[in-house]
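**Student:** Got a structure for you, questions after.
The values are calculated or read from the model by the stated rules, or taken from the named source; none is laboratory data. As the structure is a prediction and not an experimental result, all values here were calculated from the model. Ideal geometry is used to build each Cβ from the backbone, glycine not excepted, and the neighbour counts take in all protein chains shown. Accessible surface areas use protein heavy atoms only, side chains included; no ligands, DNA or RNA. Shrake-Rupley method; radii C 1.70, N 1.55, O 1.52, S 1.80 Å.
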Amino acid sequence: MKASGFSSIVAALLATSTCFANSIAYADLMKTDPQGGFGGQGGFGGAQGGGQGGGQGGAQGGAQSSGFAGRGGSGFGGGMGQNGFANNQQARNAQRDQVVRGIEQQIPRYLDGNEIKSVLTPGEFCEWNLKLKQGDVVIAEARSDAFDPALEIVDEKGKVLASNDDRYPGDQRPLLMWRCKDAGKYDLHVRCFHDKSGGQFFVRFHTFESVDLEGDAKVDKTLATHGSFLVRIPMKAGQIKEIISEMDNQGTLTAFRITSLISPTGLPDIGLSGDLQQVTSNTMIVAPVAGDYYGFAEPYGGIGPNHKIRAYVRTLVPIKPAESKDGLVGSAPSNTPAVWEVSVKKGEVYRVAMPELIPNASLILTEVPDVSKFDMTVPELNPFFPQLPPENPPSQLLMRLPGRAKDSRIGIFAAMRDGKVWIATNAYGQQGKSFSMHMGPAASTFSEHQTESGRLKIGVTDYWSFDAKAGDVMTFKEQSDGFAPLVTVRDPDLNETQRLEPPVDDYKSDWRMIFQKPGKYLVGIACQGDGGSGSYSVSRNVLHARPIAIGAPAVDTIHYGQVQIWQFTAEPGTPLYIHWKSSGWRYEVNVYDEKGQWANFERQQVDDENAFGILTVQKAQTFVIVLSGNGGPSSYSIELNPLPGLQPKGQPKPVKKSH
């Protein structure tokens with residue numbers, strides 16, 4: 001088959017296939033491209049999308065997206081998420097199958113059209129002639145129900161230059177991509193692997209013109225036809241590049257868009273660029289391994305008279321910010337995408353701000369992909385092969401929290417585990433000027449038994465952090481001046497456990513918390529509707545339990561709004577007889593264990609002032625009694641006594657004396 005530039009499938013259908021006796025050694029057939037592999041598409045479909053925005057972290061790690069930690073779902077491997085799915089082998093297989101289906105949906109984007117049907121005689125091969133220019137790229141695939149097909153490119157001397165037999169383990173349909181280094185005549189062969197069988201098969205192939213973007217310099221090229229072509233981008237593992245098509249005012253250049261990204265062997269890329277794609281309208285690519293990547297380019301808009309295009313790549317090198325007394329700082333030119341790389345620690349809450357940019361400039365934070373885990377020579381570590389998701393995928397790295405309403409220059413996020421993060425922006429700002437990036441702690445320390453004060457700005461949420469132990473009891477107060485407060489409390493996993501919105505014309509909140517989960521808690525102070533501002537104060541008090549024991553009862557008077565705490569431990573084999581006396585029961589009673597979990601013990605009220613109960617336990621257990629006054633003053637006592645008439649275990653029975 002003869003091809004020049006972009007060969008349409010019509011030409012392929014009109015081509016004559018010829019079968020020849022086998023003359024190529026099996027050893028030559030087994031020579032494969034050392035950068036062979038399999039891939040999916042991220043920004044354009046996300047073959048194994050998910051936690052890294054349509055990248056490998058999706059189907060293989062679950063959609064770990066929350067806020068701006070990764071979007072999973074946008075790619076065809078994402079969206080399944082963790083949800084306990086990967087713990088079930090059958091479900092994990094289903095996830096892998098979903099990745100495979102997505103890959104098969106991607107390939108026709110750049111290898112489409114009708115297939116050529118032919119018949120292979122055992123021991124022979126079928127051939128299509130190709131006339132190629134330097135830089136032309138051939139992409140081909142074949143399938144057969146009768147035999148295991150193989151594809152190969154050979155030169156005029158019969159030397160095998162490239163071959164493929166299985167596109168990935170478990171799929172015997174070959175898929176081959178090969179770039180012509182020297183103009184000339186070549187042949188595409190379809191044969192049976194091991195040359196043992198034959199039968200009906202189907203083949204489909206295209207040849208494309210390509211534009212080489214090896215550096216950051218602009219490249220002009222006049223294409224032979226106005227059709228789809230490829231843009232070649234050599235990359236190192238982990239490198240970030242942006243593919244840019246340039247226009248001119250005279251209309252002499254043809255614009256194009258990249259609709260698919262192709263891995264080094266012709267299968268879809270896995271889309272590690274993820275959320276970074278949001279900082280540019282151009283195509284972004286992050287290489288999981290070193291090799292030549294291709295963008296499938298489709299012309300659009302004003303068509304130049306000579307099909308001339310101008311393109312280049314911009315390499316984005318992550319910047320290491322400098323340390324300062326307030327955190328990390330960095331700077332970069334405005335109106336050019338910029339990326340910083342920082343480390344984050346589990347449990348810390350960070351604030352990122354780029355004040356010189358315009359309010360709707362983008363600010364993206366996403367986990368840095370770990371490309372060191374990929375190995376093209378090991379099928380289980382090949383990033384382009386569909387893999388089973390891990391049994392225990394890592395948790396999401398980042399969670400976004402409210403920062404400043406309608407201002408994307410400020411981002412508040414929490415680290416759910418240790419890791420590395422890319423901070424990226426489109427850097428929209430004043431032309432010719434630089435801008436600054438600041439990163440530091442987002443939360444102030446919320447001290448115990450001390451009133452903290454702040455001044456809230458319009459649209460902003462202020463944060464205060466404190467540590468709590470399981471079983472701690474605390475009371476909180478917040479009062480604002482001039483705005484209706486919205487108070488939230490988040491636990492160490494950043495789940496919202498309290499949300500307080502005082503009614504109209506009420507500017508204060510009081511609440512009490514019994515802590516069941518140890519760790520760092522976060523209090524957010526904002527204005528309802530994000531429209532107000534003003535000063536405010538917050539305070540918290542840790543209430544320590546007073547002990548109760550046999551012979552040492554709890555005795556006190558509780559008033560409205562007061563909280564009092566008592567604590568005792570019951571032992572197995574020693575039942576307790578409890579007498580609770582109160583002059584009015586104008587208080588709420590809650591009982592917990594030492595970890596803050598709900599607990600209780602029997603009490604029967606026999607009259608207006610007295611209640612009795614018997615408590616037995618199977619193992620030692622601590623009870624925490626929390627009393628909250630909700631009326632007038634009430635005096636009370638709680639007595640613990642041995643159960644009358646019961647001999648404690650381990651003590652000898654008294655011996656009766658005879659007279």
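**Student:** Could you please give the count of residues in region 375-390 that are among the charged types (D, E, K, R) and either under 15 Å from L267 (Cα atoms) or open to solvent by 60 Å² or more (accessible area, probe 1.4 Å) (or both)?
**Tutor:** Residues that pass the stated criteria total 1.
**Student:** To continue, here is another question. Does region 519-530 contain at least one residue that is touching a residue at least 40 places away in the same chain (Cβ under 8 Å), among the charged types (D, E, K, R) and at positive phi?
**Tutor:** yes
**Student:** Only one of D269, D275, D195 is open to solvent by 10 Å² or more (accessible area, probe 1.4 Å) and in contact (Cβ under 8 Å) with a residue 40 or more places away in the chain; which? Break it down stepwise before answering.
**Tutor:** On the way: D269 fails: open to solvent by 10 Å² or more (accessible area, probe 1.4 Å); D275 fails: open to solvent by 10 Å² or more (accessible area, probe 1.4 Å).
Among D269, D275, D195, only D195 is open to solvent by 10 Å² or more (accessible area, probe 1.4 Å) and in contact (Cβ under 8 Å) with a residue 40 or more places away in the chain.
Rundown of residues vs (1) within 16 Å of I548 (Cα to Cα); (2) in a strand (DSSP E or B); (3) not charged (D, E, K, R), yes/no style:
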site: E602; (1), (2), (3): no, no, no
site: I614; (1), (2), (3): yes, yes, yes
site: V617; (1), (2), (3): no, no, yes
site: V626; (1), (2), (3): yes, yes, yes
site: G632; (1), (2), (3): no, no, yes
site: Y636; (1), (2), (3): yes, yes, yes
site: L640; (1), (2), (3): yes, yes, yes
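**Student:** Tell me, yes or no, whether region 349-363 has at least one residue that is of a type in the set (S, T, N, Q), open to solvent by 50 Å² or more (accessible area, probe 1.4 Å) and free of Cβ contacts under 8 Å to residues at least 24 places away in the same chain. Steps first, answer last, please.
**Tutor:** As a first pass, look at region 349-363 and keep what is of a type in the set (S, T, N, Q): 360, 362.
Going one step further and asking which of them are open to solvent by 50 Å² or more (accessible area, probe 1.4 Å), we end up with 360.
With free of Cβ contacts under 8 Å to residues at least 24 places away in the same chain added as a condition, the list becomes none.
Scanning region 349-363 turns up no residue that is of a type in the set (S, T, N, Q), open to solvent by 50 Å² or more (accessible area, probe 1.4 Å) and free of Cβ contacts under 8 Å to residues at least 24 places away in the same chain.
**Student:** Only one residue in Q134, Q98 is within 39 Å of the chain's Cα centre (by Cα) and not in a strand (DSSP E or B). Which one?
**Tutor:** Details: Q134 fails: within 39 Å of the chain's Cα centre (by Cα).
So the residue among Q134, Q98 that is within 39 Å of the chain's Cα centre (by Cα) and not in a strand (DSSP E or B) is Q98.
**Student:** Of (1) closer than 20 Å to T445 by Cβ; (2) modelled with pLDDT of 95 or more, F515 satisfies all except one. Which?
**Tutor:** Going through the list (1) closer than 20 Å to T445 by Cβ; (2) modelled with pLDDT of 95 or more, F515 breaks only (2).
**Student:** Could you say which residue among V555, V563, V589 is at negative phi and open to solvent by 60 Å² or more (accessible area, probe 1.4 Å)?
**Tutor:** Unique residue meeting the criteria: V555.
Every residue, every condition in (1) among the hydrophobic types (A, V, I, L, M, F, W, C); (2) without any contact (Cβ under 8 Å) to a residue 24 or more places away in the chain; (3) farther than 30 Å from P518 by Cα, yes or no:
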position	(1), (2), (3)
A570	yes, no, no
K581	no, no, yes
Y587	no, no, no
D593	no, no, no
R603	no, no, yes
V606	yes, yes, yes
F612	yes, no, yes
K619	no, no, no
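**Student:** Next question. Scan region 424-476 for residues that are open to solvent by 30 Å² or more (accessible area, probe 1.4 Å) and assigned to a loop (DSSP other than H, G, I, E, B) and report the count.
**Tutor:** Total satisfying the criteria: 12.
**Student:** State whether the residues of region 248-255 include one that is closer than 24 Å to V138 by Cα, of a type outside the set (S, T, N, Q), at pLDDT below 95 and surrounded by fewer than 22 Cβ atoms within 10 Å (Cβ to Cβ).
**Tutor:** Keep residues of region 248-255 that are closer than 24 Å to V138 by Cα, which gives 254-255.
Keeping just the survivors that are of a type outside the set (S, T, N, Q) gives 255.
Subset that is at pLDDT below 95: 255.
Still in the running and surrounded by fewer than 22 Cβ atoms within 10 Å (Cβ to Cβ): 255.
Yes.
**Student:** Do we have L188 as within 19 Å of I116 (Cα to Cα) and either assigned to a strand (DSSP E or B) or in contact with a helix residue (DSSP H, G or I) (Cβ under 6 Å, 6 or more places away or on another chain) (or both) here?
**Tutor:** Yes; evaluated as a whole, the condition is true for this residue.
**Student:** Separate question: Which condition from (1) modelled with pLDDT of 95 or more; (2) of a type outside the set (S, T, Y); (3) crowded, with 19+ Cβ neighbours inside 10 Å is the one that K420 breaks?
**Tutor:** Status for K420: all satisfied but (3).
**Student:** Sort through S334, S324, S343 and tell me the only one that's within 24 Å of R404 (Cα to Cα), open to solvent by less than 20 Å² (accessible area, probe 1.4 Å) and hydroxyl-bearing (S, T, Y).
**Tutor:** Only one candidate qualifies: S334.
**Student:** Let me ask something additional. Is it the case that region 540-551 has a residue that's within 44 Å of the chain's Cα centre (by Cα), open to solvent by 40 Å² or more (accessible area, probe 1.4 Å), of a type in the set (A, V, I, L, M) and over 30 Å from Y463 (Cβ atoms)?
**Tutor:** Looking for residues that are within 44 Å of the chain's Cα centre (by Cα), open to solvent by 40 Å² or more (accessible area, probe 1.4 Å), of a type in the set (A, V, I, L, M) and over 30 Å from Y463 (Cβ atoms), one finds none in region 540-551, hence no.
**Student:** Quick one: which residue in P355, P321 is at pLDDT 95 or above, closer than 29 Å to V523 by Cβ and more than 25 Å from the chain's Cα centre (by Cα)?
**Tutor:** Working: P321 fails: more than 25 Å from the chain's Cα centre (by Cα).
Testing whether each residue is at pLDDT 95 or above, closer than 29 Å to V523 by Cβ and more than 25 Å from the chain's Cα centre (by Cα) leaves just P355.
**Student:** In region 566-576, which residues are farther than 12 Å from L615 by Cβ and either among the aliphatic types (A, V, I, L, M) or open to solvent by 60 Å² or more (accessible area, probe 1.4 Å) (or both)?
**Tutor:** The one that is farther than 12 Å from L615 by Cβ and either among the aliphatic types (A, V, I, L, M) or open to solvent by 60 Å² or more (accessible area, probe 1.4 Å) (or both): Q567.
**Student:** Take the residues in region 156-180 that are acidic (D, E) and outside any strand (DSSP E or B); name whichever of them is nearest to I107 (Cα to Cα).
**Tutor:** Residue satisfying both the conditions and the ranking: D166.
**Student:** Which residues, counting only those in region 162-184, are open to solvent by 30 Å² or more (accessible area, probe 1.4 Å) and in contact (Cβ under 8 Å) with a residue 24 or more places away in the chain?
**Tutor:** Scanning region 162-184 gives N164, D165, P169, Q172, R173, W178, R179, K181, D182, A183.
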